[in-house]
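Report on the following structure.
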Amino acid sequence: MPLEARDLGIPVKAVSWTRLHPGRTADGRASLLTTMSQNNGGFFVADIDLTTGHCRQFYAQDRKRSTFSPATYRSLLSGILYICSAWDAHFHRFDANQPERGIEDLGRVDDIATFGTGITETPDGMIWIGAYPGATLTRFDPRTGKFKRFGRVVEDDKYLYPVSGTDGTLAAYIKANRPRVLAIDPSTGATRQIGPTVTDPVDPDQFLKLYRGTDDRVYLQSHAGTWRINGLTATAVEHAPDPRPGFPAAYQHDYQDALPLPDGWTAAFPGIGINGTGVPRVLRLTHRDPAVAPRDLHLDWIGGGNNLHIIGLGPDGDLYGSSYMPNRLFHATTDGTLVEDLGDHTAAAGEAYSLAGMDGKLYLASYPAAHLSVYDPARPIHYGTGPEHNPRDLGRLDKVSYRPNALITTPDGRLWMGSAPDYGLHSGTLAWYDPSTGASKSHRPVVPDTSPAALLWLPGLQQILIGLSIEVGTGALVRRLDGAFALWDPGRDGLVWSGDLGLADLADPVAFAPTADGLVYTLLGRGDQILSAGAPPIRPRLVLFDPAEKRLIAESWLPEEFGPLPWHGHFSLQVDPQGTVYGATGYCFFRIKPGTCDVERIWQPDPPPPPREDPVWLTHSTPDAIDVVGPIVGREWFFATGWRLRALTLPDFP
């Protein structure tokens with residue numbers, strides 16, 4: 001009888017990229033729209049009733065592909081709301097005067113784009129869209145419904161954030177390899193750099209702030225001076241006005257200012273997270289007349305669910321983990337009788353990449369900025385950053401760590417974190433943190449142009465085994481094609497050895513599993529983030545080796561029928577209570593014959609989709625995809641398909 005997975009539930013139904021869009025309808029009524037993003041059901045627009053808080057929800061036409069709404073703008077000229085979605089980079093519009101038309105899909109902004117980075121409007125009514133990953137610029141004419149695609153504005157970067165002024169000025173902030181500001185000729189797309197270039201993104205003394213001021217002109221503040229941009233030229237100014245509320249500044253993503261409605265009120269979501277993450281139910285309305293009392297409206301929007309990003313075992317034997325944008329801590333009993341959203345655990349609004357338990361507490365490491373947080377299941381929940389809070393955000397360990405792919409503990413009471421670097425950078429970090437003293441130290445690099453992606457404590461050697469990925473900071477390009485292994489001595493806090501075990505075409509060692517006799521299995525994989533940075537695809541490979549002797553014992557490429565590329569492979573090797581090692585790809589679970597790299601598929605109910613050919617291919621495009629690999633508890637292997645927490649009962653083997 002074939003194995004069947006069971007659903008435990010949907011732990012998190014929150015939203016991200018929440019934005020408020022005030023305006024006025026054609027009959028003069030104050031209008032307030034909000035955009036919210038989610039995985040299950042796609043992004044939606046909610047038309048908020050300013051008397052009751054009731055939300056009339058409208059959904060994107062393609063609810064599987066148009067999931068996020070990172071770029072939004074409500075026209076000051078027409079009142080129409082524009083959205084450029086992820087991960088399909090389609091351009092949409094919603095007209096509050098004609099809600100029966102719903103959200104209209106106007107097409108893709110550029111053939112190489114996967115999501116919009118920003119939208120702005122010039123006085124002639126033209127709508128300008130910046131997009132990733134090509135730092136592309138596109139103009140949309142609302143009168144004709146036609147796009148003018150200018151393509152890549154620069155060849156050495158991936159992000160473009162446009163800003164405009166009422167004088168017709170159009171400019172763009174370019175990041176992340178070589179941050180700079182370009183003035184753009186709207187008629188030709190020609191550009192001219194204004195101000196300095198940031199040569200070291202980690203240097204806090206170097207900065208660029210491009211924005212539309214309260215006088216509706218475009219300004220650049222920087223470490224080298226302040227300018228008002230006029231067309232393709234710039235005028236140095238001693239002081240610049242504040243950014244205009246409601247207009248996204250190109251140097252930030254959070255729009256948390258109270259936004260003015262046309263009838264004297266302002267609207268805001270109190271306490272909403274960066275990138276508009278969370279469960280924003282309370283809308284605060286404040287009148288410009290202080291004698292008028294503020295009002296709170298309770299919003300009744302309905303969420304569908306957020307993808308899970310990591311699943312681990314807590315110190316109490318229950319399941320814990322994080323959802324993906326927003327980064328919410330969830331908890332579930334292993335029998336599925338309780339599945340709950342515990343709320344915020346960190347200021348890092350993305351998602352937790354790794355977790356580890358120590359001394360009855362659960363530690364999580366999260367993107368962005370590799371924030372470390374801690375949760376004690378035995379104490380009441382009261383999130384914050386102080387010692388009395390639970391969960392508590394402990395902050396960053398250094399200024400480079402950004403995507404913390406690995407987190408383990410060592411017997412000396414320290415946590416060890418392996419991270420990819422910040423945007424545009426090369427060489428990630430290995431950092432440690434001592435919870436008893438608060439002391440920490442970061443090392444960069446362990447091996448040049450690599451980032452720690454997997455960590456394993458080796459009791460026999462009293463050393464840490466490190467799997468080194470070629471992952472770079474988002475926006476940068478890889479400078480080497482082979483991963484590496486390393487051994488680290490925590491006692492002297494130094495590198496003992498690094499090498500490749502003689503393996504050719506060495507993809508990233510992304511998962512480790514120890515055996516009872518001191519050997520180690522590793523899965524070599526290469527995920528989206530590596531392919532998009534310029535590395536060629538490599539089929540996943542299983543390797544067995546002796547870390548003490550640095551000796552390769554066995555290797556095998558996983559069968560092609562186990563699923564198409566890419567597969568990042570993090571945490572995809574797990575050990576059951578009897579010591580048997582199991583593995584996973586994006587589409588199947590398999591058992592490894594002890595002492596070998598021979599594999600036996602145990603669960604793959606759906607045929608995998610064909611290899612990805614376009615940037616909107618999604619891993620969970622089949623009902624039983626394995627998006628997140630969790631722990632084995634008893635005979636239950638926990639995993640996630642998109643937003644669904646699931647369990648598979650392993651068969652008994654002779």
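The values are calculated or read from the model by the stated rules, or taken from the named source; none is laboratory data. Computed from a predicted model, the values in this text were never measured in an experiment. With ideal geometry, Cβ positions are generated from the backbone for all residues, glycine too; neighbour counts draw on all protein chains shown.
Which pairs do you get when a residue that is over 15 Å from residue 374 (Cβ atoms) and of a type in the set (A, V, I, L, M, F, W, C), found in the stretch 431-444, comes within reach of a residue that is assigned to a loop (DSSP other than H, G, I, E, B) and at pLDDT below 95, reach meaning Cβ atoms under 7 angstrom, with the pair 6+ apart or on two chains?
Going by the 7 Å Cβ cut-off, there are no qualifying pairs.
How many residues are within 30 Å of residue 337 (Cα to Cα) and of a type in the set (D, E, K, R) if we restrict to the stretch 11-31?
Here is the first cut: in the stretch 11-31, the ones within 30 Å of residue 337 (Cα to Cα) are 11-16.
Pick out the ones that are also of a type in the set (D, E, K, R) and you get 13.
Qualifying residue count, the stretch 11-31: 1.
Of the residues that make up the stretch 541-563, is at least one farther than 22 Å from residue 41 by Cα, modelled with pLDDT under 95 and touching a Gly at 6+ places or on another chain (Cβ under 8 Å)?
For the stretch 541-563, residues farther than 22 Å from residue 41 by Cα, modelled with pLDDT under 95 and touching a Gly at 6+ places or on another chain (Cβ under 8 Å): present.
Within the set of pairs 6+ apart or on separate chains, which have a first residue in the stretch 524-553 that is under 23 Å from residue 428 (Cα atoms), a second that is assigned to a strand (DSSP E or B) and among the small types (Gly, Ala, Ser), and C-beta atoms under 6 Å apart?
540/525
Considering only the stretch 237-252, I want to know if a residue exists there that is among the β-branched types (Val, Ile, Thr), crowded, with 17+ Cβ neighbours inside 10 Å, more than 30 Å from residue 296 (Cβ to Cβ) and modelled with pLDDT of 95 or more.
Pass one, the stretch 237-252, residues among the β-branched types (Val, Ile, Thr): 237.
Within this subset, residues satisfying the condition of being crowded, with 17+ Cβ neighbours inside 10 Å are none.
The answer is no, given that none of the residues of the stretch 237-252 is among the β-branched types (Val, Ile, Thr), crowded, with 17+ Cβ neighbours inside 10 Å, more than 30 Å from residue 296 (Cβ to Cβ) and modelled with pLDDT of 95 or more.
Check the stretch 224-247 and report whether any residue there is out of contact with any strand residue (DSSP E or B) (no Cβ under 8 Å at 6 or more places or on another chain) and charged (D, E, K, R).
Initial filter on the stretch 224-247 (out of contact with any strand residue (DSSP E or B) (no Cβ under 8 Å at 6 or more places or on another chain)): 224, 230.
Restricting the remaining residues to those that are charged (D, E, K, R) gives none.
Scanning the stretch 224-247, I find no residue that is out of contact with any strand residue (DSSP E or B) (no Cβ under 8 Å at 6 or more places or on another chain) and charged (D, E, K, R), so the answer is no.
Could you look through the stretch 377-415, keep only residues that are in contact (Cβ under 8 Å) with a residue 60 or more places away in the chain and in a loop (DSSP other than H, G, I, E, B), and pick out the one that is farthest from the chain's Cα centre (by Cα)?
Only one residue tops the list, namely 412.
Within the stretch 470-534, considering only strands (runs of 3 or more DSSP E) that don't extend past its boundaries, which have at least 2 residues that are within 26 Å of residue 564 (Cβ to Cβ)?
On the way: elements: 484-489, 494-499, 508-514, 520-525.
Output list reads 508-514, 520-525.
Condition (residue is among the charged types (D, E, K, R) and modelled with pLDDT under 95) applied to the stretch 290-309: is it met by at least one residue? Can you show your working first?
Initial filter on the stretch 290-309 (among the charged types (D, E, K, R)): 295-296, 300.
Right, trim to modelled with pLDDT under 95 and you get none.
No: the stretch 290-309 contains no residue that is among the charged types (D, E, K, R) and modelled with pLDDT under 95.
Scan the stretch 323-350 and report the pairs whose first residue is in contact (Cβ under 8 Å) with a residue 60 or more places away in the chain and at positive phi and whose second residue is part of a strand (DSSP E or B) and aromatic (Phe, Trp, Tyr), with Cβ atoms within less than 8 Å and a gap of 6+ or a chain change.
325/17; 325/68
Answer yes or no: is there a residue in the stretch 280-295 that is within 30 Å of residue 394 (Cα to Cα), polar (S, T, N, Q) and surrounded by 16 or more Cβ atoms within 10 Å (Cβ to Cβ).
Here is the first cut: in the stretch 280-295, the ones within 30 Å of residue 394 (Cα to Cα) are 280-284.
If we keep only those that are polar (S, T, N, Q) too, we end up with none.
No, that holds for no residue.
Here's the yes/no breakdown for (1) in contact with a Phe, Trp or Tyr (Cβ under 7 Å, 6 or more places away or on another chain); (2) modelled with pLDDT of 95 or more; (3) among the aromatic types (Phe, Trp, Tyr):
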{"position": "37", "(1), (2), (3)": "yes, yes, no"}
{"position": "44", "(1), (2), (3)": "yes, yes, yes"}
{"position": "51", "(1), (2), (3)": "no, yes, no"}
{"position": "58", "(1), (2), (3)": "yes, yes, yes"}
{"position": "63", "(1), (2), (3)": "no, no, no"}
{"position": "84", "(1), (2), (3)": "yes, yes, no"}
{"position": "95", "(1), (2), (3)": "no, yes, no"}
{"position": "102", "(1), (2), (3)": "yes, yes, no"}
{"position": "106", "(1), (2), (3)": "yes, yes, no"}
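Touching a His at 6+ places or on another chain (Cβ under 7 Å) and either closer than 29 Å to residue 573 by Cα or buried (at least 19 other Cβ atoms within 10 Å of the Cβ) (or both): which single residue out of 449, 422 fits that description?
On the way: 422 fails: touching a His at 6+ places or on another chain (Cβ under 7 Å).
Result: 449 is the single residue among 449, 422 that is touching a His at 6+ places or on another chain (Cβ under 7 Å) and either closer than 29 Å to residue 573 by Cα or buried (at least 19 other Cβ atoms within 10 Å of the Cβ) (or both).
Would you check if there is a residue in the stretch 149-161 being touching a strand residue (DSSP E or B) at 6+ places or on another chain (Cβ under 7 Å), surrounded by fewer than 24 Cβ atoms within 10 Å (Cβ to Cβ) and on the phi > 0 side of the Ramachandran plot? Give the derivation first.
Going residue by residue through the stretch 149-161, those that are touching a strand residue (DSSP E or B) at 6+ places or on another chain (Cβ under 7 Å) are 149-154, 157-161.
Narrowing further to those that are surrounded by fewer than 24 Cβ atoms within 10 Å (Cβ to Cβ): 149-154, 157.
After this cut, where a residue has to be on the phi > 0 side of the Ramachandran plot as well, the list is 151.
Scanning the stretch 149-161, I find at least one residue that is touching a strand residue (DSSP E or B) at 6+ places or on another chain (Cβ under 7 Å), surrounded by fewer than 24 Cβ atoms within 10 Å (Cβ to Cβ) and on the phi > 0 side of the Ramachandran plot, so the answer is yes.
Is it true that some residue in the stretch 23-45 is of a type in the set (Gly, Ala, Ser), within 16 Å of residue 302 (Cβ to Cβ) and in contact with a Gly (Cβ under 7 Å, 6 or more places away or on another chain)?
Taking the stretch 23-45 and keeping what is of a type in the set (Gly, Ala, Ser), we get 23, 26, 28, 30-31, 37, 41-42.
Of the ones still in play, those that are also within 16 Å of residue 302 (Cβ to Cβ) are 37, 41-42.
Now restrict to residues that are in contact with a Gly (Cβ under 7 Å, 6 or more places away or on another chain): 41.
Yes - at least one qualifying residue is present in the stretch 23-45.
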